[in-house]
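What follows is a single structure, written as structure tokens, with notes after it.
The values are calculated or read from the model by the stated rules, or taken from the named source; none is laboratory data. Small disclaimer: the values here were computed from a predicted structure and weren't measured. Glycine gets a Cβ as well: all are built from the backbone with ideal geometry, and neighbour counts include every protein chain shown.
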Amino acid sequence: MPAPSDNVLPKDQYQHYIPRFILRYFQDAQIRPRNKKERQKNFHKARKTGVDTDTIMMYDVTTQTLEPRPIGKVYGIVNMYRDGRNADNVDHLEQGLARLENDAARTIRNIHSAIEARQQEIRMKRKELETIRKFTYLMHYRRTSLVSSYFDENDPDNKPIREYLKNLRQKHNLQKKDDVWLFGLKYVLDTPHHKIVGTGEAIQERYGGPKGMAAMLATRVDPDIENFQAVDYTAMADANFLGIWEAAEDEEFVVGSNSFGLWEGAIDAIPGLHRLFIVSPKIALVLRQNLVRDPEMLNRIKAQAHTSSILIDIPMSGATSTYANYQPPPWRDSPGYLEEAGRALWKYRQTPEAQEDIFTFIPTRLTREQTYAVNQIILIHLSHDGNVTFASPNAMRKTLEHHLRSNRLPYAGESKYLVRSLLGLLSESVVPKGPNPLTSSALLPRSDVDIVLHSIANGTIEFHSDYDRAYRAYHLATDDVTKYNQSSSEIHQMTARAILRMKEILPPLPYAHRHMYFPFLSRNIVKELPKEESELFFALVGHQVDVLKVGPPGEDTLSRIKYGAAIIGFTHWLAENRPKVLIDLLSFWVKIVL
């Protein structure tokens with residue numbers, strides 16, 4: 001690509017943090033996959049007409065809407081990788097990523113082909129495996145750019161690295177907010193995998209090995225460390241082994257804007273038992289800690305240590321290796337043999353012959369429950385301004401029903417408020433299986449919510465107070481996930497909008513809440529209130545929701561019932577997550593917190 005002239009600024013580019021080749025796997029199954037020539041034709045047509053048919057379904061958490069979006073305009077940021085410090089080519093990082101993604105896409109296609117052919121084994125050459133390792137690291141690293149605090153020197157989490165960041169900025173003239181992140185991205189893109197790992201391991205040895213390095217990183221990072229990204233990269237590469245998981249038959253993985261490199265599980269409060277990378281509706285690349293690589297060691301740890309993971313029981317074996325031209329040193333029974341063999345293997349890995357080594361993986365086909373568990377981790381970690389994409393509405397619906405029913409993860413509660421409306425939207429659009437979908441009995445439960453809501457609206461079902469009525473309406477729309485419909489979605493949309501807007505104006509929780517969940521702080525609310533207290537409740541909490549402008553209360557009775565139900569949902573969230581705020585809001589006038 002020619003360098004732009006001095007007087008001409010390059011055009012803005014929408015640059016993806018989830019590559020297009022991954023997003024295309026999530027195109028609706030009803031859309032026939034298109035080859036490169038057809039996609040190019042569609043691209044030129046879209047530029048001419050303004051209508052892009054190369055789309056995926058995307059649920060927007062902020063707006064609580066579900067709609068098809070052009071692949072070219074989702075999961076990205078304008079000029080995300082643009083490097084103003086390189087005047088000759090500001091888009092050199094985007095171009096480097098494109099080359100890496102092309103190589104990774106080829107290997108992931110091979111994984112798909114092998115699994116579709118029901119092959120029991122998947123083979124990769126070392127150069128392919130190193131590409132996947134670098135690709136997964138950079139998918140995680142790209143996600144960090146979305147977290148404003150990641151390289152913020154003033155963030156409490158970054159206290160150990162504060163002096164290092166200041167020194168790095170001064171040494172390399174990294175003045176802008178994103179310069180440190182771009183500097184690290186350039187290093188990883190420009191440096192071969194084995195050289196990054198070699199550099200990282202050499203730095204580790206300088207500080208006393210992995211344990212000494214961990215102690216230093218936890219207290220004060222040496223400001224003079226060069227190539228800190230090599231340390232981070234090596235920590236992920238050396239501490240974990242790679243596995244391939246396949247979604248259960250008739251089930252699919254979902255992908256979220258913040259879902260690449262998510263860690264799951266902990267051993268004795270040390271997090272990161274797994275790292276997840278969803279690369280298609282059927283395939284997940286997973287890193288699992290080497291500590292539990294051996295099945296016997298896994299069983300011993302589960303028996304002796306405190307493990308917290310919903311994925312730990314999924315079987316996963318590491319790859320077996322076949323070296324192209326490596327001969328270990330002759331065996332001898334001496335203390336230094338293992339160290340000598342390790343040095344010999346490291347030296348061999350730097351050679352061109354090593355790139356032809358073969359690694360054989362045995363993929364794991366998950367059960368339905370295990371597939372749901374992976375998706376639950378994705379949904380729990382959706383950011384408040386994030387999005388989620390799926391291929392099949394029916395598979396997404398089943399995942400949501402499982403997530404909303406599940407109580408395995410106590411800290412999952414808030415995420416449920418943000419995705420309930422999606423289940424209602426999907427329940428309206430999913431056509432049930434049967435000889436006659438229009439008369440299938442599977443449709444009947446979907447209308448139960450409306451039947452009862454209309455009975456409440458016309459006075460057939462009476463209540464002592466508006467609070468009692470709103471409480472019943474909210475739980476009618478919430479408790480039975482098999483009966484979600486458009487009406488329940490409307491209630492949950494208003495509830496979620498109230499929560500998101502309230503979080504914007506509330507002071508942040510104490511720092512301890514950032515990394516820990518305190519279930520004993522969660523509270524519930526009463527089911528009934530007398531008429532006078534009900535009126536006070538809506539005058540206080542209802543007014544707060546009015547101020548948040550989550551949707552019109554409506555002029556007809558049914559609309560007012562739905563609005564009141566959303567206020568109850570918002571109140572539940574306050575009681576569970578910010579009970580003191582709710583108590584202060586109601587003061588001594590109304591006591592509803594249990």
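Here are the numbers for the structure shown:
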item: Odd one out for Gly336, checked against (1) over 29 Å from Leu298 (Cβ atoms); (2) surrounded by 13 or more Cβ atoms within 10 Å (Cβ to Cβ); result: (2)
item: Residue within region 233-242 that is outside any loop (DSSP other than H, G, I, E, B), among the small types (Gly, Ala, Ser), surrounded by 21 or more Cβ atoms within 10 Å (Cβ to Cβ) and over 22 Å from the mean Cα position of the chain (by Cα) present; result: no
item: Evaluation of Asp152 against (1) at pLDDT 95 or above; (2) among the charged types (D, E, K, R); (3) in a loop (DSSP other than H, G, I, E, B) (one fails), failing number; result: (1)
item: Residue selected from region 398-412 under the condition more than 19 Å from Ser522 (Cα to Cα) and touching a residue at least 60 places away in the same chain (Cβ under 8 Å), by the criterion surrounded by the fewest Cβ atoms within 10 Å (Cβ to Cβ); result: Glu401
item: Residue in region 194-214 that is farthest from Glu353 (Cα to Cα), counting only those that are of a type in the set (A, V, I, L, M, F, W, C) and modelled with pLDDT under 90; result: Ala214
item: Ser488, sole failed condition from (1) of a type outside the set (Val, Ile, Thr); (2) in a helix (DSSP H, G or I); (3) free of Cβ contacts under 8 Å to residues at least 12 places away in the same chain; (4) under 21 Å from Ala457 (Cα atoms); result: (3)
item: Residue in region 5-22 that is at pLDDT below 90 and within 30 Å of Leu423 (Cα to Cα) present; result: no
item: Residue within region 199-213 that is outside any helix (DSSP H, G or I) and either more than 20 Å from the chain's Cα centre (by Cα) or surrounded by fewer than 19 Cβ atoms within 10 Å (Cβ to Cβ) (or both) present; result: yes
item: Region 263-275 - residue that is surrounded by fewer than 20 Cβ atoms within 10 Å (Cβ to Cβ) and of a type in the set (A, V, I, L, M, F, W, C) and, of those, nearest to Asn299 (Cα to Cα); result: Ile267
item: Whichever residue in region 515-538 is assigned to a helix (DSSP H, G or I) and loosely packed, with under 12 Cβ neighbours inside 10 Å and, among such residues, is modelled with the highest pLDDT; result: Glu532
item: Subset of region 333-363 (residues that are touching a helix residue (DSSP H, G or I) at 6+ places or on another chain (Cβ under 9 Å) and either in contact (Cβ under 8 Å) with a residue 12 or more places away in the chain or at positive phi (or both)); result: Trp346, Tyr348, Arg349, Gln350, Ala354, Gln355, Glu356, Asp357, Ile358, Phe359, Phe361, Pro363
item: Positions within region 251-281 being assigned to a strand (DSSP E or B), under 23 Å from Asp385 (Cβ atoms) and among the β-branched types (Val, Ile, Thr), in sequence order; result: Val255, Ile278
item: Test: Arg118 is assigned to a helix (DSSP H, G or I) and not hydroxyl-bearing (Ser, Thr, Tyr); result: no
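The rows are residues; the columns are (1) of a type in the set (A, V, I, L, M); (2) outside any strand (DSSP E or B); (3) farther than 28 Å from Glu251 by Cα.
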position: Pro335; (1), (2), (3): no, yes, yes
position: Leu338; (1), (2), (3): yes, yes, yes
position: Glu353; (1), (2), (3): no, yes, yes
position: Tyr372; (1), (2), (3): no, yes, no
position: Leu379; (1), (2), (3): yes, yes, no
